[in-house]
Amino acid sequence: MDYDPMAMDDAESLGPVVKISQADSVRVKFELSNADLAFANSLRRVMLGEIPTVAIDLVEIEANSSVLADEFIAHRLGLIPLNADGVESLLYSRECDCDEYCEHCSITLNLHAKCVGDENMHVYARDMVPSGDRINQTLGTPVIVDPEGNGPLILKLRPGQEIKLQCIAKKGIAKEHAKWAPSAAIGFEYDPHNKLHHLDLWYETDPKAEWPPSEYADWEEPPQEDEPFDYDAVPNRFYFNVETAGNLPADAIVTEGIKVLQQKLAGMIHELTEGEGDGANGDYNGPRSPEYNNAGDGWQDQGYTTPYGNGGAQSSWGGAGGATPYGQTPYGGQTWS
Amino acid sequence: MAPRSTRKKAVEEAPMEEEPTSHQPTAEDEDASMADADVDQEDGEEANPEDEEEEEDEEVQRVRILPGSTPTAASFEFLEEGHTLGNALRYIVMQNPDVEFCAYAIPHPSEAKMNVRIQTYEGTTAIQALEKGLRDLQELCDVVTDKFTVARDEFSNRMAA
């Protein structure tokens with residue numbers, strides 16, 4: 001069979017193409033084409049779960065006479081989007097030298113409200129006051145986008161009730177907790193006409209009549225009436241709809257996402273090349289090139305060994321192959337001759 | 001034996017190829033290397049006994065070769081990685097014409113581990129193929145970043161006009 005793995009069709013050799021169809025303060029819609037599904041999905045996953053942002057992680061409650069329980073309020077506070085502008089210069093708390101938290105790895109926000117009037121009082125995110133040194137004046141402040149400038153409602157107080165607490169916001173990623181997610185939602189779509197049959201649409205009588213066309217249906221050629229199924233076809237155009245929660249601009253989510261992906265790769269490359277350099281064959285083995293193994297064909301031997309240096313088929317007490325420590329197989333004599 | 005045989009096969013065939021006694025020197029070698037490793041470890045502890053714990057935290061090897069690998073056919077285990085890296089890496093390594101086979105798996109969902117199997121043709125090694133794959137993927141990321149930045153700037157210019 002003639003097969004040239006380097007052969008690419010002309011369209012593919014141009015490399016990936018990005019087209020933006022809509023962009024504003026909350027969302028960016030774009031089309032990624034000439035890319036593979038695997039890459040597009042990696043981008044989607046990384047934007048959803050691995051972009052660092054800041055969110056309230058610790059709450060120290062000094063006074064709470066509201067009707068809501070402490071942990072209930074703490075949970076609500078955690079979900080308030082905080083501005084993540086400049087988060088790259090903030091340290092992860094676990095990587096910081098401080099004991100618990102400090103200005104290098106956290107932002108402190110104070111909330112103190114008491115209802116002194118005779119009507120119920122609303123406590124909003126805007127009432128939280130950042131304190132202490134910060135990397136910049138926006139990092140960690142609650143995101144406020146509503147026309148009244150209130151931000152999310154945290155709780156309500158009846159006359160005489162009081163809330164006083166201190167919040168510690170930390171850097172984190174959404175894989176650990178969804179409160180660190182930069183995006184409210186990421187739309188991801190391909191093949192609007194379902195030509196690839198990746199979807200099996202449920203229907204009563206006619207799927208065409210019952211399923212509304214995708215908003216991208218006009219972007220791609222609809223299938224012909226009796227078009228045969230193209231089993232070689234692969235998805236090629238991907239439609240993203242990245243909506244921000246307010247902590248990062250929508251376009252920054254995309255660029256940050258790619259950056260995080262690249263940092264992952266750089267870390268792996270670093271480990272691979274470093275392992276070659278120092279020639280350390282010990283402990284938890286990094287990948288090595290053959291030369292660093294006990295010279296020559298040691299690699300083949302390595303085949304049956306565990307990372308801890310024993311022969312794979314051996315017990316950890318040094319016995320050979322199927323042998324007991326006393327040099328015999330558990331089944332008696334040596335039977336291979 | 002062909003270098004590209006599966007691990008299972010290799011283990012089964014091992015006793016057939018070698019006399020049982022031939023394991024003995026190997027075992028001694030392994031013991032010796034283990035002893036070396038122990039010594040190395042002790043040296044490390046003596047050098048900086050205080051920040052030993054921190055050192056360990058920082059130097060976790062996140063990628064290793066699984067046993068049963070040969071130069072042209074290797075399985076790699078990545079810690080703390082998943083489909084995000086795995087699928088894209090698999091795709092990009094497959095694009096390399098020197099690669100005969102590449103696949104990834106997450107053996108168990110509750111273990112943060114991802115395995116990548118790479119088998120190459122003669123002339124390159126699985127490690128080289130993996131490294132090339134990582135670099136190619138980085139390049140692809142660069143291209144997409146560039147394209148996105150250009151498209152965004154174009155879009156904002158169009159909006160302003």
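The values are calculated or read from the model by the stated rules, or taken from the named source; none is laboratory data. These figures come from a predicted structure and were not determined experimentally. Heads up, the Cβs are rebuilt from the backbone with ideal geometry, glycines too, and the neighbour counts pull from every protein chain shown.
A few notes on this one:
- Within the range B:66-88, restricting attention to residues that are in a helix (DSSP H, G or I) and not aliphatic (A, V, I, L, M), the residue that is farthest from the other protein chains (Cβ to nearest Cβ) is B:GLY86.
- From the options A:VAL87, A:VAL46, residue that is modelled with pLDDT under 95 and more than 28 Å from B:GLU100 (Cα to Cα): A:VAL87
- Screening the candidates A:PHE39, A:PHE72, A:PHE30 for the property of being part of a helix (DSSP H, G or I) and within 14 Å of chain B (Cβ to nearest Cβ) yields one hit, A:PHE39.
- Out of B:VAL144, B:VAL150, sole residue that is surrounded by 14 or more Cβ atoms within 10 Å (Cβ to Cβ), within 30 Å of A:ASP251 (Cα to Cα) and of a type in the set (A, V, I, L, M): B:VAL144
- Positions within the range A:75-90 being out of contact with any strand residue (DSSP E or B) (no Cβ under 9 Å at 6 or more places or on another chain), more than 18 Å from A:VAL145 (Cβ to Cβ) and part of a loop (DSSP other than H, G, I, E, B), in sequence order: A:GLY86
- B:SER110 meets the conditions (1) surrounded by fewer than 22 Cβ atoms within 10 Å (Cβ to Cβ); (2) over 21 Å from B:VAL60 (Cα atoms) in every case but one. The failed one is (2).
Every residue, every condition in (1) among the aromatic types (Phe, Trp, Tyr); (2) out of contact with any Lys or Arg (no Cβ under 9 Å at 6 or more places or on another chain), yes or no:
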| position | (1), (2) |
| --- | --- |
| A:ILE163 | no, no |
| A:ILE168 | no, yes |
| A:GLU176 | no, yes |
| A:ASP191 | no, no |
| A:TYR216 | yes, no |
| A:PHE229 | yes, no |
| A:ARG237 | no, yes |
| A:GLY246 | no, yes |
| A:PRO249 | no, yes |
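- Given (1) of a type outside the set (A, V, I, L, M, F, W, C); (2) over 30 Å from A:SER25 (Cα atoms); (3) at pLDDT 95 or above, index of the condition A:TYR124 fails: (2)
- Leading residue by the ranking (surrounded by the fewest Cβ atoms within 10 Å (Cβ to Cβ)) among those in the range B:115-131 that are charged (D, E, K, R) and more than 10 Å from chain A (Cβ to nearest Cβ): B:GLU122
- Residue that is surrounded by the fewest Cβ atoms within 10 Å (Cβ to Cβ), among those in the range A:151-206 that are among the β-branched types (Val, Ile, Thr) and in a strand (DSSP E or B): A:ILE168
- Qualifying residue in the range B:89-105 (condition: closer than 30 Å to A:VAL254 by Cβ, at the interface with chain A (Cβ under 8 Å from one of its Cβ atoms), surrounded by fewer than 14 Cβ atoms within 10 Å (Cβ to Cβ) and among the charged types (D, E, K, R)): no
- When each of A:LEU82, A:LEU77, A:LEU68, A:LEU111 is tested for being in contact (Cβ under 8 Å) with a residue 12 or more places away in the chain, outside the structural domain of A:GLY257 (by TED's automatic domain parsing), under 20 Å from the mean Cα position of the chain (by Cα) and more than 30 Å from B:ARG158 (Cα to Cα), the lone residue that passes is A:LEU82.
- Condition met for A:GLN224 (buried (at least 18 other Cβ atoms within 10 Å of the Cβ) and not hydrophobic (A, V, I, L, M, F, W, C)): no
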